[in-house]
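Here's the structure, in structure tokens; my notes come after.
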Amino acid sequence: MHDCPGRFNLIEVRGVSIVIDDSHNVPALAALCRALDRFPHERRTIVYSAGDGRRDVDIVHQGEQLGAAFDRVILYEDYSAADRDEGELATLFRQGLSDAKRTVEILEVPNHRRAIETALACTAPGELLVIQPEDEDIQPTLEIVRTLAGPETAAASGCFQGVDTH
């Protein structure tokens, strides 16, 4: 984890491949989606939000990107988006998701931990789950996943080398 903190960390939990990646902007999300095209998983879920200072147009565009790349999108309120009213981020993401080519399910949850809990409950073995950390430091996100998933994740954690998502 120390070789690429926040960048394309890959762990396996009960047959679900989990990528933790800090893709908070349009170009980073595009690179992440391109990298995921190399994965064999037919079903994809993402936990996603936007932080402080993001332009409306970028959030809508990210919604479009999510709609083209994921079957299920779980939106949460990023604590750092203090410049936004409650629900404003989800409204903008939903604008971009409105003509989604792939997304069939959009869920809104109040916070990051709850979004991860929801994602882990919704995914099945053989699926891909992408979790965007709420912070550049991915350790809190990893700890949430480890706590919810159990001790088998400690030995399975590692960085996926060779895929540049940023």
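Read-outs throughout are calculated quantities, based only on the coordinates presented, and are distinct from any laboratory measurement. The shown structure was predicted, so the numbers you read here are calculated from the model rather than taken from an experiment. Glycine gets a Cβ as well: all are built from the backbone with ideal geometry, and neighbour counts include every protein chain shown.
Computed quantities for the displayed model
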read-out	value
Cut-off under 5 Å, modelled amide H: who pairs with residue 131 long-range	19, 20, 21, 47
Where chymotrypsin sites (Phe, Trp or Tyr not before Pro) fall in DSSP loop in region 38-124, at most 13 other Cβ within 10 Å	79
At least 24 Å along the helix axis (C-alpha) and Kyte average at least -1.0, DSSP helices within the chain	none
Inter-probe distance in nm under a simple model that places probes 7 Å from Cα toward Cβ, at residue 79 and residue 148	1.6 nm
Signed unit charges on C-beta, dipole axis of region 9-159, positive-most listed residue 124, 60, 111	124
Residue-span extension gain [residue 34 to residue 14] - 0.36 nm each, minus C-alpha spacing	4.7 nm
Phi-based couplings in Hz for region 39-46 (Karplus 6.51, -1.76, 1.60; Gly and Pro marked x)	8, x, 5, 7, 10, 10, 10, 9
Alpha carbon Rg of region 9-159, scaled by the compact-globule rule 2.2 N^0.38 Å	0.96
